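Q: What follows is a single structure, and I will ask about it in a moment.
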Amino acid sequence: MLTLLKGGKIVDPTRKLSSVSGDLFMRDGWIVEGPNPGERIDEEIDITGRIVMAGAIDMHTHIGGGKVNIARNMLPEDHRFDPVHRAGLCRSGCGHAAPSTLTTGYRYAAMGYTAGFEPAMLPVNARQAHLEMGDTPIIDKGAYVMLGSDDFLLRLMREGASQERINDYVGFTIASSQALGLKVVNPGGISDFKFNRRALDLDEAHSHYNVTARQIVYTLARALHELKVPHPLHIHASNLGVPGNFQTTLDTITGAEGFPIHLTHIQFHSYGTEGDRKFSSEAAKIAEAINNNPHVSADVGQIMFGQTVTCSGDSMTQHRNAGFGSPKKSVIMDIECDAGCGVVPFKYKDKNFVNALQWAVGLEIFLRVEDPWRIFLTTDHPNGAPFTSYPHLIRLLMDKTFRNDALSRINPDAAAMSTLDSIDREYTLDEIAIMTRSAPAKILGLKDCGHLGPGARADVVVYKEDSDPEKMFTAPEYVFKNGTMVAKNGDIVAVTWGDVHVVKPQFDRSIEKPLGEYFDRHLTQKLGNFKISDDEIRDITNGGGLRVHACERDGRTV
Amino acid sequence: MSALILTLKQLPLGRLDLSPLMPALVSGDISELAALPLQIATQKIPLGELFSVSGSDASQIVLQGDLSRVDGIGAAMQSGSLNVEGNVGAYLGTGLLGGEIHVQGDVGHFAGVAMRKGTIRIKGNAGDYLGGILPGAMQGMAGGQIIVLGDVGERCGDRMRRGAILIGGKVGDYAGSRMLAGTIAAFGGAGKHAGYGMRRGTLMIRGEIHLDATFADCGEHILPITNLLFRSWVKLGSPFGDAAGKSSPVHRFMGDRGADGKGEILLFK
Ligand SMILES: [Zn+2]
């Protein structure tokens, strides 16, 4: 089956195409150069003058795993106002902040997203996370598995195990949990919370294992580099949300000692202590640090005003914030020897000083980081806002007047403390395409995603150009997933099942001997049951495939 | 203008959700009412195919036909009156914000849940969770009045926050469970575990009751407030006015001591 998309304006930063008119051919789910000699074009769609991009990729979105399910269970009052009835091809579910798996897939696809990556899969919860993601239609998915507060790693580090041994453990965990990358959350802090610690700074020693967060960051960043995993260590730094935490963030960057790292939801880690309320924006310093350190990338975790729910592996932070929850309820959980999690519903208010400044901090970072290849468009769904707010966020970035109007409506003290109104930058369409397509594919090592060159998956989005980017990005005219038209003007027209993206780093299998004994002694399952096989992934993806990406990477960046 | 009359053409095969009706009348044009999509089982069907519509005064609405499988009648109503001639399904007057709902027959479960203002009058019996809580919410009924002539099911006033529920007959098990404040009065006795987990609020019971051990006997009192209350209920007719003017003591129990323990159960004659 050969499909021709005729006459679109192709925006493909990976191949340096900026609104270049041209034809696009898709054959059997892949983008191809053109018809073979004598080959008939089965279907031709005229998209003259329309903007064509690769499918968007959300590289940090909480769509699976234990805590998302807790959030779903916890928020009937949020679902009640956004019921999703069965309609057409789509099954019923619930919506808004923590949508059901089905609704998540439909809504992402209708918005032109064709992949989303769960950033905090606990090893012991990996099967549950994959089952939920497998139940999320249309989009591709994958997960970063979480280490750094797990007992086994901290024991290894306390005993002074070699980096090679730790690499074996990291490699084993990634491969056994079918992950695409590795994340560390509040390094060591989630564990120390269980020893009654309520804050853990980068250079403070864990009260039981006597290792510091800095050592954990360095060890894991190095492990990934040596295992040649494409995506660098995904770091949720220490002291999330604490005024003055920008210094911790800067120290975390130096703590990686030149190994590539990705700082997640950086907005929550860019606060100072200036001003009457001892809470200020240090977005400029953080942006400068990102600009000056080419081995560092970040996603923003922009907040948007309204009801949402925060769900994080960082039980220490969530325990601290539980009192601010709205509606007032929370779940703080200990999860075996792995880590923990915390779910707190939250309502960001534009008249609230702190929330308004958080909003401005996120936008400042977006606008001050110069290289769109290293800053990613996220709301840390659903922590800052549900992913359905992306089109609004894109407009804030692309339209200065709109942004300044919004700025004039927030808490005036917060607006006065922000430098947002002095920033003239407006994101271009190319830059939006970079930060939502080309760059995520590049940083995750997905060679066949995020671009429209021959050999890429036919994940294609066709937009009707509009002076209002919010309108344009809310409901693209056509969305193709693996060559199948799945959405048209915001309506789902076909329900397909996306692939699961994983990496399989090489490691020394002899780590399984001490691990097997550890599992028998301390965990609730046997090592053999912990491992998720390829067949199991294929079974639970409803017909989607398993895509293994190569572990290869160039030398050390710095 | 004559009352807006909606007559259900036939008993639907599945549950019909009528909760979009009131918001649509507030925000929309009455001429578009027939096109309002309603969820029935797995399908959406325009209101006009299910109901015949006459009259145009949306401030006085009459519902006719067999509504026993129709849920969400009067949900989020803000003002005016709504009269229902027969039995109705679940979630009657959910989140009521004002106005009066009269039901001549019986009502299903979850009537008056999360209501904030207004009045619901029920001639027949009511199901479980009357004036209670929407699943998962933090507070139940937060204001207004529910008056039931017949009996009421279990968990009446679950997590109730404010307002009054008056019951002519018997209230079922777990009456006033997890109650936060407000008043529930039953004139035909109560089932088991009355006031289970109640933190504050008042349960007034005439007739048979079995009290849990977590309620402390505080003896008999003559309370001016109960006499005032009884007198204010005279206008509601029998049995609600029956206790007025007697100045007889009430027997007070405090609990649930398994929760905050600041609630009370008053037994009266
Ligand atoms: Zn996150």
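The values are calculated or read from the model by the stated rules, or taken from the named source; none is laboratory data. Just so you know, these numbers come straight off a predicted model, no measurement behind them. No Cβ is skipped: glycine too gets one built from the backbone with ideal geometry, and neighbour counts run over all protein chains shown. To get the accessible areas, we keep the full protein, side chains included, count just its heavy atoms, and leave off ligands, DNA and RNA. Shrake-Rupley method; radii C 1.70, N 1.55, O 1.52, S 1.80 Å.
Q: Determine the calculated [θ] at 222 nm for the protein assembly as shown from helices alone, applying -39500 (n - 2.57) to every DSSP H run no shorter than 4 residues and normalising by the residue count; nearest 500 deg cm²/dmol.
A: -6500 deg cm²/dmol
Q: While we're looking at this one, here's another question. Which whole-Hz couplings ³J(HN,Hα) result when phi for each residue of region A:246-258 is put into the Karplus expression 6.51 cos²θ - 1.76 cosθ + 1.60, θ = phi - 60°, listed in order with x for Gly and Pro?
A: 4, 5, 4, 5, 4, 5, 5, 4, 6, x, 6, 6, x
Q: Which of the aspartates and glutamates could a cross-linker span from A:Lys329 if the Cα-Cα distance has to be under 16 Å and same-chain partners fewer than 8 positions apart are dropped?
A: Hits, sequence-local ones excluded: A:Glu77, A:Asp78.
Q: Further question on the same structure: If each Cα of region A:266-345 is one equal point scatterer, what is log10 of I(q)/I(0) from the Debye formula at q = 0.11, 0.16, 0.23 Å⁻¹?
A: The computed values of log10 I(q)/I(0) come out as -0.42, -0.82, -1.10.
Q: What is the mean number of Cβ atoms from other protein chains located within 10 Å of the Cβ atom of each residue in peptide A:74-86, rounded to a whole number?
A: 3
Q: Write down the percent of antiparallel bridges among all DSSP beta bridges whose residues are both part of the protein assembly as shown, to the nearest 5.
A: Taking every DSSP beta bridge with both residues in the protein assembly as shown, the antiparallel ones total about 45 percent.
Q: For the A and B pair, go ahead and give the buried accessible area with a 1.4 Å probe, both sides summed, in Å² to 100.
A: Adding both sides of the contact gives about 600 Å².
Q: Ignoring ligands and nucleic acids, what accessible area does A:Trp359 show with a 1.4 Å probe (Å², nearest 10)?
A: 10 Å²
Q: With charges set only on the Cβ (+1 for Lys and Arg, -1 for Asp and Glu), what does the dipole of region A:508-549 come to about its Cα centre, in debye to the nearest 20?
A: 80 debye
Q: Ratio of Rg to Rh for chain B, alpha carbon only, Kirkwood?
A: 1.02
Q: Let me ask another. Relative contact order of chain A: what whole-number percent is it, with Cα pairs under 8 angstrom and at least 6 residues apart?
A: Relative contact order, chain A: 20 percent.
Q: Let me ask something additional. Give me the Kirkwood hydrodynamic radius of region B:1-59, using the inverse of the mean 1/r over all pairs of distinct Cα atoms, in Å to one decimal.
A: 11.8 Å
Q: Right, something else. With a 1.4 Å probe and all protein chains kept in place, how do A:Val52, B:Val234 rank by accessible area, largest first?
A: B:Val234, A:Val52
Q: Now, a different point. With Kirkwood's inverse mean 1/r over C-alpha pairs for Rh, give me the Rg to Rh ratio of the protein assembly as shown, two decimals please.
A: Over the Cα atoms of the protein assembly as shown, Rg/Rh equals 1.03.
Q: Shielding of B:40-53 by partners, i.e. mean partner chain Cβ atoms within 10 Å per residue?
A: 1
Q: Additional query: Could you tell me which of rounded, prolate or oblate describes region A:425-498, using a ≥ b ≥ c as the square roots of the eigenvalues of the alpha-carbon gyration tensor, with rounded for a/c under 1.5 and, failing that, prolate when a/b is larger than b/c and oblate otherwise?
A: oblate
Q: Here's another thing I want to ask about it. In region B:125-151, what residues drop by 40 Å² or more in accessible surface going from the chain by itself to the full protein assembly, probe 1.4 Å?
A: Residues losing area: B:Met138.
Q: List every residue whose amide H lies under 5 Å from the amide H of B:Arg121, counting only residues 5 or more places away in sequence or on a different chain, with H placed 1.01 Å from N in the peptide plane.
A: B:Ile101, B:His102, B:Val103, B:Ile147
Q: Please get the size of the charge dipole for the protein assembly as shown, origin at its Cα centre, with Cβ charges of +1 on Lys and Arg and -1 on Asp and Glu, quoted in debye to the nearest 20.
A: Approximately 2080 debye in magnitude.
Q: Using only the alpha carbons of region A:508-549, what is the convex hull's orientation-averaged projected area in square nanometres?
A: Convex hull of Cα atoms, orientation-averaged projection: 4.0 nm².
Q: Still on this structure: Run the simple label-point estimate for B:Ser248 and A:Glu426 please: 7 Å along Cα→C-beta, distance reported in nm.
A: Simple spin-label model gives 8.0 nm for this pair.
Q: Related question: Sorted by mean Cβ packing within 10 Å, highest first, what order do the peptides B:78-87, A:109-118, A:338-347 take?
A: Ranking, from highest mean packing down: A:109-118, A:338-347, B:78-87.
Q: For region A:71-85, just list the computed ³J(HN,Hα) in residue order, Karplus coefficients 6.51, -1.76 and 1.60, θ = phi - 60°, integers in Hz, with x standing in for Gly and Pro.
A: Each residue of region A:71-85 in turn: 4, 4, 5, 7, 10, x, 5, 6, 5, 4, 8, 9, x, 10, 7 Hz.
Q: Same structure, new question: Can you sort A:Asp203, B:Asp106 by solvent-accessible area, 1.4 Å probe, largest first?
A: A:Asp203, B:Asp106
Q: Show the residues, 5+ positions off or on another chain, whose built amide H is closer than 5 Å to the amide H of A:Leu263.
A: The list, which skips near neighbours in sequence, is A:Ile235, A:Ser297, A:Ala298, A:Asp299.
Q: Still on this model: Count the DSSP beta bridges whose two residues both fall in chain B, then state the antiparallel fraction as a percent rounded to the nearest 5.
A: Given both bridge residues lie in chain B, the antiparallel proportion sits at roughly 30 percent.
Q: I would also like to ask the following. Non-local amide H neighbours of B:Ile205 (under 5 Å, H modeled in plane, Pro and chain starts lacking H): which ones?
A: Under 5 Å from the amide H of B:Ile205 lie the amide H atoms of B:Ala186, B:Leu266, B:Leu267, B:Phe268, each far enough along the sequence or on another chain.
Q: If you take every residue apart from A:Thr310 with its C-beta less than 11 Å away from the C-beta of A:Thr310, what net charge results, scoring Lys and Arg +1 and Asp and Glu -1?
A: Here the charged neighbours net out to 0.
Q: Could I ask something else about it? May I ask you to rank A:Arg40, A:Arg368 by accessible area, largest first, using a 1.4 Å probe over the protein chains only?
A: Reading off the accessible areas and sorting them downward yields A:Arg40, A:Arg368.
Q: Tell me, what ³J(HN,Hα) does each residue in region B:9-20 have, in order and in whole Hz, if you take phi through Karplus 6.51 cos²θ - 1.76 cosθ + 1.60 with θ = phi - 60° and put x for Gly and Pro?
A: Those phi angles translate into 5, 8, 4, x, 6, x, 6, 10, 9, 9, 4, x Hz.
Q: Would you mind getting the accessible area per residue of region B:1-59, heavy atoms of the protein chains only, 1.4 Å probe, in Å²?
A: It amounts to 53 Å² per residue over region B:1-59.
Q: What percentage of the solvent-accessible surface of region B:1-59, computed with a 1.4 Å probe over protein heavy atoms, is contributed by carbon and sulfur atoms?
A: Carbon with sulfur: 58 percent of the solvent-accessible area.
Q: Once you put a point 7 Å from the Cα of A:Asp82 and another 7 Å from the Cα of B:Glu208, both along the Cβ direction, what distance in nm separates them?
A: Going by the 7 Å Cα→Cβ label model, 5.0 nm.
Q: Cross-link partners among lysines for A:Lys504, C-alpha distance below 24 Å, same-chain residues fewer than 8 apart left out?
A: A:Lys504 reaches A:Lys141, A:Lys183, A:Lys228, A:Lys442, A:Lys447, A:Lys513, A:Lys526, A:Lys531.
Q: Could you tell me what % of all Cα pairs in region A:1-69 have separations over 18 Å?
A: 51 percent
Q: Output needed for region B:77-207: three equivalent-ellipsoid semi-axes, defined as square roots of 5 times the C-alpha gyration tensor eigenvalues, in descending order, whole Å.
A: 20, 16, 12
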